[in-house]
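The values are calculated or read from the model by the stated rules, or taken from the named source; none is laboratory data. Predicted, not measured: the structure shown is a model, and the values here were computed from it. All Cβ positions, glycine included, derive from the backbone under ideal geometry; neighbour counts span all protein chains shown.
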Amino acid sequence: MRRGLRLILLLTTGLALSQSVLAETVYVYDTPDGSKLITDKPKSGGGYKLIKRYQSSFGSSSGQSLIARKSLYDPMIEKTASNYGVDTALVKAVVHAESSFNPAAVSHKGATGLMQLMPGTAQRYGVNNLTDPNQNVDGGVRYLRDLLQMFRNDTQLAVAAYNAGENAVIRHRGIPPYDETQNYVRKVLELHEKYLINN
C-alpha cells in the first residue's frame, strides 16, 4: 500500500513539474518605432507598451493549442518573410514542421525555437537568444532565403538543406537519401500547399 501511494505521489509530482516546465508566457509589445515585439521576457520602459500577455502550455499538441500559437506568431512571421522576400507560406510550413509554432521547442540534437536553429546556424546569423521568437524567425528566414538562392529557388532542395545541411544536398546532388530528410521534405511541401491555399 505504501509503495502504491509513493508511486502516485511521484507521478503527481512529475506531472506538476512537467507542466510547470512546459508553461510559457509570451509578451506582445508595441515598440517605439511602431512595430510589434513578441518575446518571452517582460520589458519595461523604453517606449514599449504591452498589448497582450499570452500564457499557454506549449507541450500540448491539441489542435486548439496549435491554432492559438499560430495566430500569435502569424503577423511576425508574415512581416519577416516579406522583409526578406521569402514565400510566407513556405516559412509557415517550415515553422509548423519544425516546432508546431512552439518557441520553447528543443530537439535532441540541440536545435531550438520556432525554426529550430542549430547553435552554429544561429551564430552565423547573429541570433543571440534562440528562444526569442523574433530573433529565431529572423535568423531562420535569412537562412532559408540563402538556401533558396544557393539552390536556384528549388524549394525541395532548399527545404532538404534546411533539414540536413547544404553540404549534404551538394554532396548527394539532390535530396539526401536519409529517411528523416525525405519525410521532412514531404511534410513541408504538403504544409506549404495548405498554407498557400489558406493565406
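Odds and ends about this structure:
- Checked against the criterion of being out of contact with any Ser or Thr (no Cβ under 7 Å at 6 or more places or on another chain), modelled with pLDDT of 95 or more and surrounded by 19 or more Cβ atoms within 10 Å (Cβ to Cβ), the candidates V91, V137 yield just one match: V91.
- Subset of the range 138-166 that is of a type in the set (D, E, K, R) and closer than 15 Å to K92 by Cα - its residue that is farthest from the chain's Cα centre (by Cα): R145
- Within the range 106-128, considering residues that are among the polar types (S, T, N, Q) and under 13 Å from the mean Cα position of the chain (by Cα), the one surrounded by the fewest Cβ atoms within 10 Å (Cβ to Cβ): S107
- Summed over the range 41-67, residues that are surrounded by 15 or more Cβ atoms within 10 Å (Cβ to Cβ) and modelled with pLDDT of 55 or more total 3.
- Single residue of the range 140-199 satisfying the filter (surrounded by 13 or more Cβ atoms within 10 Å (Cβ to Cβ) and of a type in the set (S, T, N, Q)) that is nearest to H96 (Cα to Cα): N163
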